[in-house]
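Take a look at the structure below.
The values are calculated or read from the model by the stated rules, or taken from the named source; none is laboratory data. This one's a predicted model, so the numbers in the text were calculated from it and none came from an experiment. Here the Cβ positions follow ideal geometry from the backbone for every residue, glycine too, while neighbour counts run over all protein chains shown. To get the accessible areas, we keep the full protein, side chains included, count just its heavy atoms, and leave off ligands, DNA and RNA. Shrake-Rupley method; radii C 1.70, N 1.55, O 1.52, S 1.80 Å.
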Amino acid sequence: MPAISMKVNGQAVCGDVEGRTLLVEFIRDKLGLTGTHVGCDTSQCGACVVHVNGKAVKSCTALAIAHDGAEVTTIEGLAANGKLHPMQEAFREHHGLQCGFCTPGMIMAAVDMVNRLGKKLDEDTIRHELEGNICRCTGYHNIVAAVKAGAANM
Amino acid sequence: MDNGTGIGARVKRKEDQRFITGKGNYTDDINLPKQTYAYFVRSPHAHATIKKIDTSKASKMPGVVGIFTGDDVAADKIGGLICGWMIHSKDGSPMKAGPHPILAMGKVRYVGDHVAVVVAETKDLAKAAAAAVDVTYDVLPHVVDVAEAMGHKAQVHEVAPDNRVFNWSIGDQAATDAAFKSAAHITKIDLVNNRLIPNAMEPRAAIGAYDTGMDSYTLYTTSQNPHVARLVISAFHGLAPEHKLRVIAPDVGGGFGSKIFIYAEEVVCVWASKRIGGRPIKWTAERTESFLCDAHGRDHVTHAELATDAGGKITGFRVHTKAAMGAYLSTFASCVPTYLYATLLSGQYNIPNIYAEVDAIYTNTAPVDAYRGAGRPEATYVVERIVETAARELKMDPAEFRRKNFVTQFPHQTPVIMCYDAGDYGAALDKALAIADYKGFGGRKAEAAKRGKLRGIGFSAYIEACGIAPSAAIGSLGAGVGLWESAEVRVNPVGTVEILTGSHSHGQGHETTFAQLVSDRLGIDINNVSIVHGDTDKVQFGMGTYGSRSGAVGMTAISKALDKIEAKAKRVAAAVMEASVNDVEFKNGTFTVKGTDKKMAFGEVALSAYVAHKFNSAEIEPGLKESAFHDPSNFVFPAGVHIAEIEIDPDTGVTDVVNYTAVDDFGNIINPMIVEGQVHGGIVQGIGQALTEGCVYDKASGQLLTGSYMDYQMPRAADVPSFKLDFTCTPCPSNPLGMKGCGEAGAIASPAAVMNAVTDAMGLKDVAMPASPQVVWKALQPMKKAAE
């Protein structure tokens, strides 16, 4: 099995993977970072979104071996120095989560949205940008409010 | 105490910290030492006889630990899956429940039916070996459409030759027929309530582990009701007695009903662990398995007729429904289209005569059981679609037609069992009309027409019965269990409190709302309260969370236990302060003695109770821990008015929900922020049913065509609007907190509101759900042609 190395949440990590090992499997099973979830296996639901070299990637549809040398941020790495990221804070403040399963992917996708589009986001933009993230609990109402507020505070 | 965290406060959720930082603990996040992985061999056919299962090649594949089939299940005498609610047909005969083994025995009855399990060192190895299990089938005729299944040549179970599980009725047929004979007008409608696939975002998962030293089992599982799972696996599957089986449901990523039921896969994992010498077995559903094998919802075909007199008063209602059960009777399948459905056919209306008949029918599909609302969305859909249609036929304003027929006196006994205890339906209607600016609709419609859009408005004045359920009442109706709830309050010597509840939170925020109740009652900091749930070794017993019961039933049990804590603490305080217990008062976390300046904080009394130095232990037992079971005396009856306003683009058939107003009466509310979140989520599940979601089985092949998110359209953020919510409040008289339930209301109300708006915009009596762009565009073509 080939060995790969990455920087995950600022820490150097390495491990042996099979050619078919998915990035999400490497993150969850090898690194024990279980905040990144698998909801659909088909890159539709977005529960598995992480940042690879600063961009949002659906880790259920990415091969670990293709990310040798990459810098990866998962939900566990978003809070810096024990302080929640403004987007995490906004999801709590606006009740943008219920069961919590889609939440890590939602937050990672939302941060990426702001990185690409800036801090001033209107409701239409947020709704369309969340196309790749499915939530079954919240009806999106509070997620939209959270993303808007979180973006403004970033 | 600090009212910032008490009853009625918008307290931010305590559980959120772990979820927003990726530290939740869901079943698939757990890994046990020496763990193996299961992969299921599933039927590719809708209906077939199993001629042979050849595992010789698969068993030699790398990493395979064991392969098990129905023969192994039979050898270990593991019982089949059960349906826990007995329904009798009109003729008195019991429902016809076919066998449902945890691994197929001789026959498969739907695509995805569990045939064998492969246990291996890794997921990938298990999956590879499962593909090498060679099953020879003799394919049989199948039927997947409930409308065609009764008497079809495909016979799903031998016990039900015509595929009919039961033919059940409720209400007075003769009186209802008489009402129709004297009616001034009769409105008729045929409706299909489309089959839905629940799709909690966390797929089902299980880890079964047998402890060879202790001769006991542990099952981690995605369950809404771990104690019920333990009871069924013990008493019916016969795996082990309850004290030898621990069921843990840790963080659960949404349920919506689909995680109430006891499924084959979970039982197989815990059973087979002993077969492989006690190594734990983990199974996590792939999303396609969730589509194939989670219990589906709805799937009704209904004909309904409504009789009205010359003054526009409803005089009679009769309904006939064919309800799909799927290939097997799931855990609570039989009560959904009967006691959770037809008992709500009176809606918010004073209808003197109601008669309903339900045929429950087997089809070669996944089992159908409770899905958010469970029967009540189906009832509301029938009632609110026919009421809207009747208003249109009678040329009456749909809001005023409803108001004319509203129940206004309480208690109100309907002709279909339910006794509504409190409500003010007119108040909710008034509020909703104002928020939705109903008066301005004509102007908005005209403006939309200028843009080439068809605009419509639709109402849904729903009622539901939840807070399930009074045990003796449901027992008399066939339930196999009682639906009380339990609570235990453990006060620690330092005055912090642990609440053990039989309810289970999988998104509802119990760790916050339950703590609010305790903080409010005991006057202690909310951060000094923790809520323990989801582990049969910690919580003595409980019935779990579904049917919007955790507030009205679960919190009432906590409230009762808190009453006992207060009473005991007063005795301790009286002894320590050398006063009569009758003179001790408790307020804002402080015990005082009437007419003196003596006082003790709650924490001081807790410590005194445990050190036991200042009272006679023969008179007062040391410690401060109490428990209570609460069995409700009635259902609770949330009700409200939802108004949907939609626009259709006739060129594309796309329906856009442009305004949505919801006014709900949930009685007293503990945390409005959480309640609003429940309503938002429910509304969108209902909009999903109305506009995007539909489970499709191919009639010719019996294959599930909607087996992934690329085929089954879940509502996404851009498919729905933000919502306008408000509340009315008539406190529930049957529990001390005055609470009703809020978990299902949105999903119950919204399909009818949206479809009434769609049919209003199109000027049609009915449009099929989901009213997808294709459906709407097609339905508009004859009208376009006629206009040309």
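Kindly rank B:111-120, B:644-653 from highest to lowest mean number of other beta carbons found within 10 Å of each residue. Display every interim value, and only then the final one.
On the way: B:111-120: 25.3, B:644-653: 20.8.
The packing order, highest mean first, is B:111-120, B:644-653.
Roughly how far apart, in whole Å, are the Cα centres of the stretch B:703-750 and the stretch A:1-58?
Taking the Cα centre of the stretch A:1-58 as reference, the centre of the stretch B:703-750 is 33 Å away.
Relative contact order for the stretch B:677-788: what percent, with Cα pairs under 8 Å and sequence separation of 6 or more?
Working: 112 pairs, mean separation 43.4, N = 112.
Rounded, it is 39 percent for the stretch B:677-788.
Tell me, what ³J(HN,Hα) does each residue in the stretch B:51-64 have, in order and in whole Hz, if you take phi through Karplus 6.51 cos²θ - 1.76 cosθ + 1.60 with θ = phi - 60° and put x for Gly and Pro?
With coefficients 6.51, -1.76 and 1.60, one gets 7, 7, 10, 9, 9, 4, 5, 4, 5, 8, 6, x, x, 6 Hz.
Compare the peptides B:621-627, B:304-310 by average per-residue count of other Cβ atoms within 10 angstrom and give them in order, highest first. Please list the in-between numbers first.
Working: B:621-627: 17.4, B:304-310: 20.0.
Answer by packing, highest mean first, reads B:304-310, B:621-627.
Once amide H atoms are placed 1.01 Å from N in the peptide plane, what residues at a sequence separation of 5 or more from residue B:535, or on another chain, have their amide H within under 5 Å of its amide H?
B:249
For the pairs A:30/B:244; B:439/B:765; B:560/B:724; B:244/B:560, note any where the Cα-Cα span goes beyond 27 Å. Spell out each step's value before the answer.
On the way: A:30/B:244 33 Å; B:439/B:765 23 Å; B:560/B:724 35 Å; B:244/B:560 30 Å.
Where the Cα-Cα span goes over 27 Å, the pairs concerned are A:30/B:244; B:560/B:724; B:244/B:560.
Looking at chain B, do any whole DSSP H helices span at least 27 angstrom along their long axis by alpha carbon and average 0.0 or above on Kyte-Doolittle, and which? Before the final figure, lay out each step's value.
Numbers: long enough: B:556-576 (30 Å, 0.25).
Membrane-span-like by this criterion, though nothing is claimed about a membrane: B:556-576.
For a 24 Å ceiling on Cα separation, which of these pairs sit above it: B:14/B:599; B:453/B:785; A:120/B:23; B:322/B:699? Numbers along the way, then the final one.
Numbers: B:14/B:599 31 Å; B:453/B:785 17 Å; A:120/B:23 29 Å; B:322/B:699 18 Å.
Listed pairs above 24 Å: B:14/B:599; A:120/B:23.
If you count only protein heavy atoms with a 1.4 Å probe, what accessible area per residue comes out for the stretch A:86-153, rounded to a whole Å²? Before the final figure, lay out each step's value.
Numbers: 2170 Å² over 68 residues.
Ligands and nucleic acids excluded, the result is 32 Å² per residue.
Compute, for residue B:57, the solvent-accessible surface of its heavy atoms (probe 1.4 Å) with the complete set of protein chains present, and express it in square angstrom to the nearest 10.
140 Å²
Using Cα pairs under 8 angstrom and six or more residues apart, how large is the relative contact order of the stretch B:30-116, in percent? Show your work: numbers first, answer last.
On the way: 96 pairs, mean separation 42.3, N = 87.
It rounds to 49 percent for the stretch B:30-116.
In what order, largest first, do B:85, B:777 sit by accessible area if the probe radius is 1.4 Å?
Numbers: B:85 20, B:777 100 Å².
Ranked list, largest accessible area first: B:777, B:85.
Assuming R0 = 22 Å, can you tell me the calculated FRET efficiency for the pair residue A:128 and residue A:53, based on Cβ-Cβ distance, to the nearest 0.05? Walk me through the intermediate numbers first.
Working: r = 24 Å, r/R0 = 1.11.
Plugging the Cβ-Cβ distance into 1/(1 + (r/R0)^6) gives 0.35.
Shape verdict for the protein assembly as shown, please, from the Cα gyration tensor: rounded (a/c under 1.5), prolate (a/b greater than b/c) or oblate.
Details: a/c = 1.27, a/b = 1.05, b/c = 1.20.
Since a/c stays below 1.5, the shape of the protein assembly as shown is classed as rounded.
Are there residues in the stretch B:200-215 whose accessible area shrinks by at least 50 Å² when all protein chains are included rather than the chain by itself, and which are they (probe 1.4 Å, ligands and nucleic acids not counted)?
B:201
How much accessible area per residue does chain B have, counting only protein heavy atoms and a probe of 1.4 Å, in square angstrom?
Values: 26280 Å² over 788 residues.
Per-residue value: 33 Å².
Per-residue accessible area for residue B:498 at 1.4 Å probe radius, Å² rounded to 10?
50 Å²
First select every other residue whose beta carbon is under 11 angstrom from the beta carbon of residue B:150; then total the charges, Lys and Arg +1, Asp and Glu -1.
Values: positive: B:164, B:322; negative: B:145, B:148, B:162, B:359.
Local net charge: -2.
Give me the number: length gained by fully extending residue B:244 to residue B:537, i.e. 0.36 nm times residue separation minus the C-alpha to C-alpha distance, one decimal in nm. Before the final figure, lay out the partial values.
Numbers: separation 293, 0.36 × 293 = 105.48 nm, distance 1.02 nm.
Extending this stretch completely gives an extra 104.5 nm.
Can you pull the percent of the stretch B:277-354's accessible area that's carbon plus sulfur, 1.4 Å probe, other chains left in place? Before the final figure, lay out each step's value.
Numbers: 800 of 1480 Å².
Summing carbon and sulfur atoms, their accessible area is 54 percent of the total for the stretch B:277-354.
So if I take the centroid of the Cα atoms in the stretch A:70-102 and the same for the stretch B:346-421, what is the distance between those two points in Å?
43 Å
What order, most packed first, do the peptides B:325-335, B:361-371, B:450-460 have when packing is the mean number of other Cβ atoms within 10 Å of each residue?
B:361-371, B:325-335, B:450-460
Keeping every protein chain in place, order B:158, B:289 by accessible area at 1.4 Å, biggest value first, i.e. largest first.
Details: B:158 160, B:289 10 Å².
My answer, sorted largest first, is B:158, B:289.
In what order, largest first, do B:522, A:22, B:704 sit by accessible area if the probe radius is 1.4 Å? Before the final figure, lay out each step's value.
Values: B:522 5, A:22 50, B:704 25 Å².
Largest to smallest exposure gives the sequence A:22, B:704, B:522.
List the residues of the stretch B:715-759 whose accessible area drops by at least 50 Å² when all protein chains are present, compared with their chain alone, using a 1.4 Å probe and counting only protein heavy atoms.
Listed by number, the residues meeting the 50 Å² cut-off are B:716, B:717, B:718, B:722.
For the stretch B:92-141, which whole-number percentage of the solvent-accessible area (1.4 Å probe, protein heavy atoms only) is attributable to carbon and sulfur atoms? Intermediate values should be presented prior to the final figure.
Working: 1040 of 1760 Å².
With neighbouring chains kept in place, the figure for the stretch B:92-141 is 59 percent.
Working from Cα positions, state the angle (0 to 90°, nearest 10) between the long axis of helix A:103-117 and the longest principal axis of chain A.
80 degrees
By how many degrees, between 0 and 90 and to the nearest 10, does the Cα long axis of helix A:141-153 differ from the longest principal axis of chain A?
Between the helix axis and the principal axis of chain A, the angle is about 80 degrees.
Treating the beta-carbon of each Lys and Arg as +1 and of each Asp and Glu as -1, no other charges, what is the dipole magnitude of chain B about its Cα centre, to the nearest 20 debye?
Details: 77 positive and 86 negative charges, 83 e Å.
Result for chain B is approximately 400 debye, rounded to the nearest 20.
Compute the Cα gyration tensor for chain B, then decide on rounded, prolate or oblate, letting a ≥ b ≥ c be the square roots of its eigenvalues: rounded whenever a/c is under 1.5, prolate when a/b is larger than b/c in the other cases, and oblate in all that remain.
Values: a/c = 1.80, a/b = 1.10, b/c = 1.64.
Oblate shape, in that a/c is at least 1.5 and b/c is the bigger or equal ratio.
Using a 10 Å cut-off on Cβ to Cβ distances, tally the other chain neighbours for every residue of A:42-48 and report the average as a whole number. The partial results should precede the final answer.
Working: counts 6, 2, 7, 6, 2, 3, 0.
Per residue, the average neighbour count from other chains is 4.
In the stretch A:120-154, what residues drop by 30 Å² or more of accessible area when the other protein chains are put back, versus the chain on its own? Use 1.4 Å, and skip ligands and nucleic acids.
SASA drop of 30 Å² or more in the stretch A:120-154: A:127, A:131, A:134, A:136, A:137, A:139, A:140, A:141.
Rounded to the nearest 20 debye, what is the charge dipole size of the protein assembly as shown about its Cα centre when +1 sits on each Lys and Arg Cβ and -1 on each Asp and Glu Cβ? Walk me through the numbers before you get to the answer.
Numbers: 91 positive and 102 negative charges, 66 e Å.
Around 320 debye, computed over the protein assembly as shown.
Taking the Cα centre of each part, how many Å lie between the stretch B:599-651 and the stretch B:6-58?
The stretch B:599-651 and the stretch B:6-58 have Cα centres spaced 31 Å from each other.
Taking the alpha-carbon distance from residue B:598 and a cut-off under 22 Å, which lysines remain once sequence neighbours fewer than 8 residues away in the same chain are dropped?
B:568, B:570, B:587, B:614
Counting protein heavy atoms only and a 1.4 angstrom probe, how many square angstrom of accessible surface do chains A and B bury in total, to the nearest 100? Intermediate values should be presented prior to the final figure.
On the way: alone 8090 and 28290 Å², together 32270 Å².
The summed interface area works out to 4100 Å².
Output the relative contact order of chain B, whole-number percent, from Cα pairs under 8 angstrom with separation of 6+ residues. Mind showing how you got there, number by number?
Values: 2006 pairs, mean separation 121.4, N = 788.
The normalised contact order for chain B reaches 15 percent.
Within the accessible area of the stretch A:1-123, what % is carbon and sulfur when the probe is 1.4 Å and the other protein chains stay in place? Each step should come with its number before you reach the end.
On the way: 2440 of 5000 Å².
Accessible surface attributable to carbon and sulfur in the stretch A:1-123 totals 49 percent.
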